[in-house]
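Worksheet: one structure, shown below.
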Amino acid sequence: MAFWEDKRLDQMTDAEWEALCDGCGRCCLIKLEDEDTGEIWTSDVRCRLLDGTSCRCTDYPDRKSKVPDCIKLDLDNLKSIGWIPTTCAYRRLAEGKGLAWWHPLVSGDPQTVIAAGISVSGRTLAEKDVPEDEWENHIASWPEWDPEE
């Protein structure tokens, strides 16, 4: 039995927890909050540390020191962060769902997350290329698309 089927999130080792990330890059997109309503919008502008093709952090071990508002997802904040994509493995497991067919741990192929349209690979702009006062013009319409819905 696979570890994600046999263990709860709070029973996983650090390595197992990290392996759950499918590398979609959605959590590393710049979020905008409406000050009046509190509504969160996801842009197509990626964090300066996110590689736009591989959707992996270019300095994962030191990301918090380089991007102070980077959020390390953990058991304590998983359920309280409303913008975690519905496709996220951590969220799916916390909600009692299994991993999706396109997840690399299920498919055995890291490219299925791209083929399924879950990954933001090739669909984002670098933070340095978009002035902050223009981020609101880059609200993405695809962040919550889920091929299983």
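The values are calculated or read from the model by the stated rules, or taken from the named source; none is laboratory data. For clarity, every value in this text was computed on a predicted model and none was experimentally measured. Glycine gets a Cβ as well: all are built from the backbone with ideal geometry, and neighbour counts include every protein chain shown.
I need the full set of residues from segment 18-31 which are buried (at least 16 other Cβ atoms within 10 Å of the Cβ) and not basic (Lys, Arg), in order please.
Result: 20, 21, 22, 23, 24, 25, 27, 28, 29, 30.
Filtering segment 114-130 down to residues that are of a type in the set (A, V, I, L, M, F, W, C) and touching a residue at least 24 places away in the same chain (Cβ under 8 Å), which residue is farthest from residue 31 (Cα to Cα)? Walk me through how you get there before you give the answer.
As a first pass, look at segment 114-130 and keep what is of a type in the set (A, V, I, L, M, F, W, C): 114-116, 118, 120, 125-126, 130.
Next cut, touching a residue at least 24 places away in the same chain (Cβ under 8 Å) only: 116, 118, 120, 125-126, 130.
Working: 116: 23, 118: 17, 120: 14, 125: 13, 126: 14, 130: 14 Å.
Filtering segment 114-130 for residues that are of a type in the set (A, V, I, L, M, F, W, C) and touching a residue at least 24 places away in the same chain (Cβ under 8 Å), the one farthest from residue 31 (Cα to Cα) comes out as 116.
Going through 127, 144 one at a time, which residue ends up being at pLDDT below 95, in contact with a strand residue (DSSP E or B) (Cβ under 9 Å, 6 or more places away or on another chain) and among the charged types (D, E, K, R)? Can you show your working first?
Details: 127 fails: at pLDDT below 95.
Just a single option satisfies the conditions, and that option is 144.
Of the residues 36, 59, 14, 6, which single one is surrounded by fewer than 16 Cβ atoms within 10 Å (Cβ to Cβ), within 24 Å of residue 122 (Cβ to Cβ) and without any contact (Cβ under 8 Å) to a residue 40 or more places away in the chain? Walk me through how you get there before you give the answer.
Working: 36 fails: within 24 Å of residue 122 (Cβ to Cβ); 14 fails: within 24 Å of residue 122 (Cβ to Cβ); 6 fails: within 24 Å of residue 122 (Cβ to Cβ).
Every option except 59 fails the conditions.
When you go through (1) touching a strand residue (DSSP E or B) at 6+ places or on another chain (Cβ under 8 Å); (2) among the β-branched types (Val, Ile, Thr); (3) under 24 Å from residue 115 (Cβ atoms) one by one for residue 84, which number turns out not to apply?
All conditions pass for residue 84, except number (1).
What is the number of the single condition among (1) farther than 26 Å from residue 7 by Cα; (2) among the β-branched types (Val, Ile, Thr); (3) in contact with an Asp or Glu (Cβ under 7 Å, 6 or more places away or on another chain) that residue 86 does not meet?
(1)
Report, by residue number, each residue of segment 90-129 that is in contact with a Ser or Thr (Cβ under 8 Å, 6 or more places away or on another chain) and in a loop (DSSP other than H, G, I, E, B).
Hits for segment 90-129 are 100, 101, 102, 103, 118, 121, 122.
Taking segment 87-143 as the region of interest, how many residues are more than 23 Å from residue 15 (Cβ to Cβ), surrounded by 12 or more Cβ atoms within 10 Å (Cβ to Cβ) and polar (S, T, N, Q)?
Matching residues across segment 87-143 total 2.
Would you tally the residues in segment 1-33 being acidic (Asp, Glu) and touching a Gly at 6+ places or on another chain (Cβ under 9 Å)? Give the steps one after another, and end with the answer.
First pass over segment 1-33, keeping only residues acidic (Asp, Glu): 5-6, 10, 14, 16, 18, 22, 33.
If we keep only those that are touching a Gly at 6+ places or on another chain (Cβ under 9 Å) too, we end up with 5.
Matching residues across segment 1-33 total 1.
Matching residues to (1) not in a loop (DSSP other than H, G, I, E, B); (2) not small (Gly, Ala, Ser):
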position: 43; (1), (2): yes, no
position: 55; (1), (2): no, yes
position: 61; (1), (2): yes, yes
position: 65; (1), (2): yes, no
position: 73; (1), (2): no, yes
